[in-house]
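Step one of this worksheet: look at the structure below.
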Amino acid sequence: NEVGLASDWAAQAVDLARPGGDSKRLAYTLARAGHFAFASGNFEPAMAMLTESLEICDRIGYEDGKAWPVTLIAQARRWSGDDDPEIRTMLLDARRRFVEIGETYGQTHVNMLLGSFTELDQAVRAEFATEMVELGRRQGGDNTILPIAMHNLAYPVWAMGEYERAWGLNRLAVRAAMASGMIMNLGLALLQAATFEAERGAPERAAVMLGSGTAHFGMQVAPFQEVTLAPARQASQEALGHTRFEELRRIGLAMTAEEAAAYALRDPSDAQRRSSASRDGA
């Protein structure tokens with residue numbers, strides 16, 4: 001895949017940078033290679049490269065260079081289930097560095113991670129996500145971040161009881177993911193839609209989108225993500241029974257990205273009315 005190819009190229013860049021004697025370039029290259037390795041699921045080599053990058057930055061006093069290795073080390077710890085409050089401190093420090101050097105993508109990446117802490121005040125989570133949306137929409141901003149920005153904003157908006165707005169944000173996340181080609185982010189939006197569907201009492205749709213979201217996310221969900229998804233999975237299984245739940249989940253697993261997006265974008269109220277009409281006519 002493209003991420004795997006980028007990871008291979010970045011690793012080759014590290015090999016080329018080592019003999020050159022330019023410590024700043026090596027630190028930067030290690031950070032980028034570690035980023036791609038992490039995205040490819042190669043966590044151990046990613047952590048080794050990121051740790052080495054951070055060590056070089058400390059040794060030569062390259063403060064600006066610390067932003068990415070600190071961010072990605074914190075992300076790796078977060079993804080592994082580490083709940084140490086130090087992780088948030090690391091991310092806030094990295095965010096400050098990205099703001100100082102004017103790196104939009106780094107700032108939005110950190111905001112994405114900070115927004116995943118459900119224990120934060122919902123208004124604070126919404127603030128991080130809103131900033132992501134604004135940065136992504138700026139001229140010259142990274143529009144590939146918009147799907148995850150909408151996704152991150154929808155969760156606190158839902159938690160604050162603004163359900164229609166949250167649905168709208170989720171649909172925007174689905175559309176933005178399809179427009180950008182970021183299929184992993186489509187998977188995240190579908191998984192989020194599944195949690196919303198389960199909470200509104202639509203277990204059939206929740207089961208389908210748990211399947212399609214899993215298929216298109218393409219990675220094992222992190223422990224903190226599983227905490228969010230578990231209630232939707234449990235509620236759907238209890239409502240449908242294990243056999244029916246698995247049948248619908250497999251339908252979702254088999255959906256193409258286009259089919260899954262179209263299913264998610266179907267008006268939930270229309271789906272509920274069709275379901276009610278079917279039951280009444282039975």
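Say whether the condition of being in contact with a Ser or Thr (Cβ under 8 Å, 6 or more places away or on another chain), surrounded by fewer than 21 Cβ atoms within 10 Å (Cβ to Cβ) and outside any loop (DSSP other than H, G, I, E, B) is met by at least one residue in region 163-182.
yes
Within region 1-12, identify whether any single residue is open to solvent by 20 Å² or more (accessible area, probe 1.4 Å) and either touching a residue at least 40 places away in the same chain (Cβ under 8 Å) or in contact with a Leu (Cβ under 8 Å, 6 or more places away or on another chain) (or both), and answer yes or no.
No, region 1-12 contains no residue that is open to solvent by 20 Å² or more (accessible area, probe 1.4 Å) and either touching a residue at least 40 places away in the same chain (Cβ under 8 Å) or in contact with a Leu (Cβ under 8 Å, 6 or more places away or on another chain) (or both).
Could you look through region 63-82, keep only residues that are surrounded by fewer than 16 Cβ atoms within 10 Å (Cβ to Cβ) and either in contact with a Ser or Thr (Cβ under 7 Å, 6 or more places away or on another chain) or in contact (Cβ under 8 Å) with a residue 12 or more places away in the chain (or both), and pick out the one that is nearest to ALA39 (Cα to Cα)? I'd like the intermediate steps shown before the answer.
Restricting attention to region 63-82, the residues satisfying the condition of being surrounded by fewer than 16 Cβ atoms within 10 Å (Cβ to Cβ) are 63-64, 80-82.
So of that shortlist, the ones also either in contact with a Ser or Thr (Cβ under 7 Å, 6 or more places away or on another chain) or in contact (Cβ under 8 Å) with a residue 12 or more places away in the chain (or both) come out as 63-64, 80-81.
Working: GLU63: 24, ASP64: 22, SER80: 14, GLY81: 17 Å.
Going through the qualifying residues, I end up with SER80.
Based on this model, can you work out whether VAL133 counts as open to solvent by less than 30 Å² (accessible area, probe 1.4 Å), out of contact with any Phe, Trp or Tyr (no Cβ under 7 Å at 6 or more places or on another chain) and either at pLDDT 95 or above or of a type in the set (S, T, N, Q) (or both)?
On the way: open to solvent by less than 30 Å² (accessible area, probe 1.4 Å): yes; out of contact with any Phe, Trp or Tyr (no Cβ under 7 Å at 6 or more places or on another chain): yes; either at pLDDT 95 or above or of a type in the set (S, T, N, Q) (or both): no.
In short, no.
Looking at region 14-29, can you tell me whether even one residue there is of a type in the set (A, V, I, L, M, F, W, C), open to solvent by 40 Å² or more (accessible area, probe 1.4 Å), over 17 Å from SER80 (Cβ atoms) and without any contact (Cβ under 8 Å) to a residue 24 or more places away in the chain?
We begin by selecting, within region 14-29, every residue of a type in the set (A, V, I, L, M, F, W, C); these are 14, 16-17, 26-27.
Retained after the next criterion (residues that are open to solvent by 40 Å² or more (accessible area, probe 1.4 Å)): 16.
Still in the running and over 17 Å from SER80 (Cβ atoms): 16.
This time we only want the ones that are without any contact (Cβ under 8 Å) to a residue 24 or more places away in the chain, so: 16.
Yes - at least one qualifying residue is present in region 14-29.
Residue by residue through region 40-51, note down the ones that are surrounded by fewer than 18 Cβ atoms within 10 Å (Cβ to Cβ) and assigned to a helix (DSSP H, G or I).
Result: PHE43, GLU44, PRO45, ALA48, THR51.
What are the residues in region 183-231 that are crowded, with 17+ Cβ neighbours inside 10 Å and among the charged types (D, E, K, R), if any?
If the condition is that a residue be crowded, with 17+ Cβ neighbours inside 10 Å and among the charged types (D, E, K, R), then GLU197, GLU204, ARG205 are the ones that fit.
Consider ALA123 against the criteria (1) surrounded by 18 or more Cβ atoms within 10 Å (Cβ to Cβ); (2) farther than 24 Å from ASN42 by Cβ; (3) in contact with a Pro (Cβ under 8 Å, 6 or more places away or on another chain): it satisfies all of them except one. Which criterion is unmet?
Of the numbered conditions (1) surrounded by 18 or more Cβ atoms within 10 Å (Cβ to Cβ); (2) farther than 24 Å from ASN42 by Cβ; (3) in contact with a Pro (Cβ under 8 Å, 6 or more places away or on another chain), the odd one out for ALA123 is (1).
Considering only residues that are of a type in the set (Phe, Trp, Tyr) and either at pLDDT below 95 or farther than 27 Å from ALA179 by Cα (or both), which ones fall in region 218-277?
Correct list: PHE224, PHE245.
The values are calculated or read from the model by the stated rules, or taken from the named source; none is laboratory data. The structure presented is a predicted model; accordingly, all values stated were derived computationally and were not measured. When we count neighbours, we look across all protein chains shown, and the Cβ atoms used for this are built from the backbone with ideal geometry, even at glycine. Only protein heavy atoms, including side chains, enter the accessible area calculation; ligands, DNA and RNA are left aside. Shrake-Rupley method; radii C 1.70, N 1.55, O 1.52, S 1.80 Å.
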